[in-house]
1. Could you check how much of the accessible area of the chain is carbon and sulfur, as a whole percent, using a 1.4 Å probe?
2. For the chain, take the longest principal axis of its alpha carbons; what is the angle in degrees between that and the long axis of helix 35-64, to the nearest 10 within 0 to 90?
3. Okay, helix-only estimate at 222 nm for the chain: each DSSP H run of n ≥ 4 adds -39500 (n - 2.57), divide by all residues, round to 500 deg cm²/dmol; what do you get?
4. Per residue, how much accessible surface does the chain expose to a 1.4 Å probe? Answer in Å², no decimals.
5. List the equivalent ellipsoid semi-axes of the chain in whole Å, largest first, each obtained as the square root of 5λ for an eigenvalue λ of the Cα gyration tensor.
6. Just grab the label-to-label distance for Trp35 and Ala59, each label 7 Å out from Cα along the Cβ direction, in nm (one decimal).
Amino acid sequence: MAVALLLLTIALVVVVAMLAAAGAAKLARLDGATWPTALTRAAVTFTAVITLAAAVTAALSPFLT
């Protein structure tokens, strides 16, 4: 059961990161950025969301064990 919950949580974090990256790319394109710039902003946003999720997990792990 714990493994299934872990996999579902990881999938949820990745989906949220992808949605945030897509939103950042769309906003960049609406702002007039070129495709390479929009993809760079999307990649930075995706990385930031994954990093934030890892930091929150590391901060909460002592309380969850």
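1. Here carbon and sulfur together make up 81 percent of the probe-accessible area.
2. In the chain, helix 35-64 runs at an angle near 20 degrees to the longest axis.
3. Roughly -32500 deg cm²/dmol at 222 nm, from the helical runs in the chain.
4. 77 Å²
5. 30, 12, 7
6. 3.8 nm
The values are calculated or read from the model by the stated rules, or taken from the named source; none is laboratory data. Just so you know, these numbers come straight off a predicted model, no measurement behind them. Every residue, glycine among them, receives a Cβ derived from its backbone with ideal geometry; neighbour counts consider all protein chains shown. Surface areas here come from the heavy atoms of the whole protein model, side chains and all, with no ligands, DNA or RNA. Shrake-Rupley method; radii C 1.70, N 1.55, O 1.52, S 1.80 Å.
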